[in-house]
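Colleague: Here you go, one structure.
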Amino acid sequence: MGWSTADVTVATTALVATSSSGLAAASDGALAASAADLETCRALLAAGSKSFHAASWLLPRALRGPAAAVYGFCRVSDDAVDEAEARGADPIAELQALHERLDAIYAGRPADDPVDRAFAVVVARYGIPRAAPEGLLDGYRWDVEGRRYRQPGDTVAYGARVASTVGLMMTALMGIEGPRGPVGDPALRRQVFA
């Protein structure tokens, strides 16, 4: 399934950011991810996961681009760590670089990378709590450390980092509030990442 011009237009105008690094101006004077940035994320989604790609078509049109940007960040960060050794890189150094990329994304100054630019726009527009992508990176660190999960609680803690974090980002996109308030609520973050 390809994106129509209308899908790209809706997705592009739905994203608003505080940074001008590689971002195009939207009609209301705010900044939005470029169509090319979103297309890069969409291509990562289409190539990386048939099930997530199919599920993205069930989202409202205005959320498809933001969801692709979230997926894009998750995909490139996972690949950076998982494929580090095959590239002759240190996975821990890759994780450090990802934390630095997150610093720039949350500061509104993403790296000159289409995924970082698109994710920065989504972070700013939808108020994705930093604890979510940080938790994801923490799960990757657990992978690198070779942790074993002998108790159910260990598995739950790992799942909270590598799966629930994506759910938290998606609920932020959808504007869903949990029983204790918005996903950015510190009490909710403590509960999820305990």
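Colleague: Tell me which residues, restricted to the stretch 125-139, are within 24 Å of ARG64 (Cβ to Cβ), surrounded by fewer than 21 Cβ atoms within 10 Å (Cβ to Cβ) and charged (D, E, K, R).
Modeller: ARG130
Colleague: Follow-up question, since we're still on this one. From VAL81, VAL8, grab the single residue that is over 17 Å from VAL123 (Cβ atoms), modelled with pLDDT under 85, hydrophobic (A, V, I, L, M, F, W, C) and touching an Asp or Glu at 6+ places or on another chain (Cβ under 9 Å).
Modeller: Values: VAL81 fails: modelled with pLDDT under 85.
Unique residue meeting the criteria: VAL8.
Colleague: Taking the conditions exactly as written (in contact with a Cys (Cβ under 8 Å, 6 or more places away or on another chain) and either assigned to a helix (DSSP H, G or I) or not aromatic (Phe, Trp, Tyr) (or both)), does ALA62 satisfy them or not?
Modeller: Values: in contact with a Cys (Cβ under 8 Å, 6 or more places away or on another chain): no; either assigned to a helix (DSSP H, G or I) or not aromatic (Phe, Trp, Tyr) (or both): yes.
Criteria not met by ALA62.
Colleague: Given the conditions (1) under 19 Å from GLY167 (Cα atoms); (2) within 12 Å of the chain's Cα centre (by Cα), report the number of the one that ASP116 does not fulfil.
Modeller: For ASP116, the failing item is (1).
Colleague: Collect the residues in the stretch 80-110 that are open to solvent by 50 Å² or more (accessible area, probe 1.4 Å), under 17 Å from GLY146 (Cβ atoms), acidic (Asp, Glu) and assigned to a helix (DSSP H, G or I), keeping them in residue-number order.
Modeller: Within the stretch 80-110, ASP82, GLU85 qualify.
Colleague: Would you check if VAL122 is open to solvent by less than 10 Å² (accessible area, probe 1.4 Å), in contact with a Gly (Cβ under 9 Å, 6 or more places away or on another chain) and either at pLDDT below 95 or assigned to a helix (DSSP H, G or I) (or both)?
Modeller: Working: open to solvent by less than 10 Å² (accessible area, probe 1.4 Å): yes; in contact with a Gly (Cβ under 9 Å, 6 or more places away or on another chain): yes; either at pLDDT below 95 or assigned to a helix (DSSP H, G or I) (or both): yes.
Spelling it out, VAL122 is indeed open to solvent by less than 10 Å² (accessible area, probe 1.4 Å), in contact with a Gly (Cβ under 9 Å, 6 or more places away or on another chain) and either at pLDDT below 95 or assigned to a helix (DSSP H, G or I) (or both).
Colleague: Can you give me the number of residues within the stretch 140-165 that are open to solvent by 30 Å² or more (accessible area, probe 1.4 Å) and within 22 Å of ALA84 (Cα to Cα)? Break it down into steps so the answer makes sense when it comes.
Modeller: Here is the first cut: in the stretch 140-165, the residues open to solvent by 30 Å² or more (accessible area, probe 1.4 Å) are 141, 143-156, 158, 162-164.
Subset that is within 22 Å of ALA84 (Cα to Cα): 141, 143-148, 158, 162-163.
Total satisfying the criteria: 10.
The values are calculated or read from the model by the stated rules, or taken from the named source; none is laboratory data. Note that the coordinates shown come from a computational prediction; the quantities given were computed from them, not determined experimentally. Note that each Cβ is placed from the backbone with ideal geometry, even for glycine, and that neighbours are counted across all protein chains shown. Accessible surface is based on the protein model in full, side chains and every heavy atom, while ligands, DNA and RNA are left aside. Shrake-Rupley method; radii C 1.70, N 1.55, O 1.52, S 1.80 Å.
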